[in-house]
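The values are calculated or read from the model by the stated rules, or taken from the named source; none is laboratory data. Not measured: the values here are computed from a predicted model. All Cβ positions, glycine included, derive from the backbone under ideal geometry; neighbour counts span all protein chains shown. Calculation scope for accessible area: heavy atoms of the full protein, side chains included, ligands and nucleic acids excluded. Shrake-Rupley method; radii C 1.70, N 1.55, O 1.52, S 1.80 Å.
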Amino acid sequence: MKHKKNILPVVLLFLFTLIEFSAAAQSKKPQRKKEFYFSWGYNKEWYTNSNVKINQPSLGNNYSFVNIKGHDHPGWDEGLFTKAISIPQYNYRIGLFVNKKKGLAFEINFDHTKFIFTDQQARIKGTLNSKTVDTTVNFSQPNGFYYYLNNGANFLLFNVVKRWHWYADKKEKIKIDFLGKAGIGPVIPHVENAFFGQKNKQGFQFGGWNIGAEAAIRATFFNYVYLEYSNKLDYARYSNLKVYEGTARHAFGTYEMVLNLGFTFPAGGKMKN
């Protein structure tokens, strides 16, 4: 009888623990299978040197600006809150984790980047006024030259995304993830230029394609709000860009840093426990 009295507290403790565990399991809400997110932020770019190829058949011109330097125009470095939100180099991401458990998503990835042909002594090689040339010109607006993709070089990508969980606190109020992204899509530049004082009719156009890859760190707070910092490599090829009496071709590589503020929400059906 004494032996039974000693074992009774152990049995009661076991039953109490089992009931508590069962109650906790029932109170935990099942997670959704998918996850929708969107974000908005700003970017900074550095470009490779590149060639701009000009073809103006009616003028007898088919030449290239060789190994030219270009730069971006962030805008926010001149006073972020003094300009409209769309004037600086902004970006947005809209995505859906179609398989939240495996961390697989599809994403629309848009960067409003800007490319400006730097004022420089630019080498011209090819045919100019039906004559073969290999010379340099003072490329600057006062001298009748400018080349702006300043209302956007505009990279649009359709990305595949993979997420890896790095860290979460005990209550999962703070989570840190690593994301890898890669995709392809069109470029939609705003083309504005002048060569030898002859200006184009500026405007937006579909102007080629680009491919890109991105590595990002995302810190999510209270399950719904996140900050995402990413480094991105992009290669863009522009064709049939409008110039006076002709077209231009241009290709360059980009290294880009992006900082976004975003929101994420559960979506889809519920996972089975």
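Observations, loosely collected:
- Structure-derived Cα extents along the principal axes in Å - corresponding label in (1) 77, 45, 32; (2) 115, 34, 26; (3) 52, 49, 36: (2)
- Between I174 and F158, the modelled label-to-label distance comes to 3.9 nm, taking each label 7 Å out from Cα in the direction of the beta carbon.
- Modelled this way, with points 7 Å down the Cα-to-C-beta line, the labels at H71 and R32 are 4.5 nm from one another.
- Here the Karplus curve 6.51 cos²θ - 1.76 cosθ + 1.60, taken at θ = phi - 60°, turns the phi angles of the stretch 219-234 into couplings of 10, 9, 10, 6, 6, 10, 10, 9, 10, 10, 10, 9, 10, 9, 10, 9 Hz, with x standing for Gly and Pro.
- Three principal axis extents of the stretch 120-273 based on alpha-carbon atoms, in descending order, are 75, 29, 22 Å.
- When V191, V160 are compared by accessible surface with a 1.4 Å probe, the order from highest to lowest is V160, V191.
- For the stretch 39-140: relative contact order, % (alpha-carbon pairs under 8 angstrom, 6 or more apart): 30 percent
- With the whole protein complex present, W209 retains an accessible surface near 110 Å², based on a 1.4 Å probe.
- F110 exposes around 20 Å² of accessible area when a 1.4 Å probe is run over every protein chain in place.
- Counting only protein heavy atoms and a 1.4 Å probe, the stretch 180-239 has 47 square angstrom of accessible area per residue.
- For the stretch 183-241, with all protein chains in place and a probe radius of 1.4 Å, 66% of the accessible heavy-atom surface sits on carbon or sulfur.
- Here the relative contact order of the chain, from alpha carbon pairs under 8 Å that lie six or more residues apart, stands at 21 percent.
- Angle of helix 2-27 to the longest C-alpha principal axis of the chain, folded into 0 to 90 degrees and rounded to 10: 30°.
- Part-to-part distance (alpha-carbon centres) for the stretch 82-156 and the stretch 158-207, which is given in Å: 12 Å
- In the context of the full set of protein chains, the stretch 95-153 has a per residue accessible area of 48 Å² (1.4 Å probe).
- For K199, K171, K100, the ranking by accessible surface with the largest value first comes to K171, K199, K100, using a 1.4 Å probe.
- At R0 = 22 Å, FRET efficiency that the Cβ-Cβ distance of N129 and N51 yields, to 0.05: 0.65
- Extension gain for F196 to A84 (0.36 nm times residue separation, less C-alpha to C-alpha distance): 37.0 nm.
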